[in-house]
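I have placed the structure first, in the form of structure tokens, so that the comments after it can refer back to it.
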Amino acid sequence: MTDARLPIAPGTLTDERSDLGGELRTVGMVWERELIRFVRTRTRILSSFIQPILFLFVLGYGMSTLVGTTEGFTFKKFVFPGIVAMSVVMTAIFSAISIVWDREFGFLREMVVAPVSRASLVVGKTLGGASIATVQGSIMLVLAPLIGVHLTALLVLEVVGLELLMAVAMTTFGVFVASRIQRIEAFQVVMQLLLFPMLFLSGALFPLKGLPAWLAVITRINPLTYAVDPFRRVVFAVQHVPPAAAARFSTGVTLFGYSLPISAEIGVVCAFAALFLTLAVAGFGKPE
């Protein structure tokens, strides 16, 4: 009688499925580890909420006294989408600090020498950081009624989708930077030097219309600009924005006199995420 349990030849379909299953399990384990690490770090959870709230209420109310109200539309309503985007970006990009931490304590070396692809490690890290950042940004939506921003079920779904895309893009960027830094202190300094200019020049805190030419050029080459603007556009689409307020607090990114549609802006963010995902995988591939 012939034994049906024949050995699996390498390169067969079953062998490929087994390899794929192993890579997916690796992605899932790294993703779960990032979530557990975040939940256990209460100070990180607290700080990730306090800073956006301070920006929203202190900056929002403080600037409202200077900017004033335009036909009932306040500066707080304009800045709300930008503050939520800032919450997502800051949480996503600083989630990559775990890579530097793992490198200092030797755990990263163990992960790299494991019989799994570096891509699965990077994808797991990215999904973990992006998941945390998306949840953080979504929780910030609870503050919307306090400043008069109207939410609908469809709007929430659109916002969560854009938050996830933004979080993936910025997490891959953070992972890329972290893969080339040896110490936590250096990562924090480098990310602050990169992050805050990117945030302030993204249109999160002020309209992009009417800027000086040199400043307008910088905002157009900032990839975060194309992540923040779709977020604000979908939020404004369901608000009552008077014509005068729409002209003053305009949305949209203009390149060479052409106003980009949301689909083009999303395409830029996707390209940015794909680029730095590739670079991050290459960075993980280098010996420690």
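The values are calculated or read from the model by the stated rules, or taken from the named source; none is laboratory data. What you are looking at is a predicted structure, and each value in this text was computed from that prediction instead of being measured. Cβ atoms come from the backbone with ideal geometry, glycine included; neighbour counts cover every protein chain shown.
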query = Condition test on Val189, is it surrounded by fewer than 20 Cβ atoms within 10 Å (Cβ to Cβ), among the β-branched types (Val, Ile, Thr) and modelled with pLDDT of 85 or more?
reply = no
request  = Give the residue that is surrounded by the fewest Cβ atoms within 10 Å (Cβ to Cβ), with candidates limited to residues of region 42-90 that are basic (Lys, Arg) and under 19 Å from Thr251 (Cβ atoms).
outcome  = Lys76
query = Given the structure, is Leu195 surrounded by 14 or more Cβ atoms within 10 Å (Cβ to Cβ), of a type in the set (A, V, I, L, M) and not in a helix (DSSP H, G or I)?
reply = no
key: Which numbered condition Leu205 fails, given (1) under 22 Å from Lys77 (Cα atoms); (2) surrounded by fewer than 16 Cβ atoms within 10 Å (Cβ to Cβ); (3) touching a residue at least 12 places away in the same chain (Cβ under 8 Å); (4) not polar (S, T, N, Q)   = (2)
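Restricting attention to helices (runs of 4 or more DSSP H) lying wholly within region 45-111, give those where 1 or more residues are modelled with pLDDT of 80 or more, over 20 Å from Pro242 (Cα atoms) and in contact with a Leu (Cβ under 7 Å, 6 or more places away or on another chain).
So the answer is 75-94.
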Pairs, first more than 10 Å from Thr26 (Cα to Cα) and free of Cβ contacts under 8 Å to residues at least 60 places away in the same chain in region 122-135, second in a helix (DSSP H, G or I) and charged (D, E, K, R), C-beta under 8 Å, six or more apart = Ala133/Glu163; Thr134/Glu163
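Per-residue answers, yes or no, for (1) β-branched (Val, Ile, Thr); (2) under 16 Å from Val89 (Cβ atoms); (3) out of contact with any helix residue (DSSP H, G or I) (no Cβ under 9 Å at 6 or more places or on another chain):
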position	(1), (2), (3)
Ser179	no, no, no
Arg183	no, no, no
Pro197	no, yes, no
Phe206	no, no, no
Lys209	no, no, no
Ile218	yes, no, no
Thr225	yes, yes, no
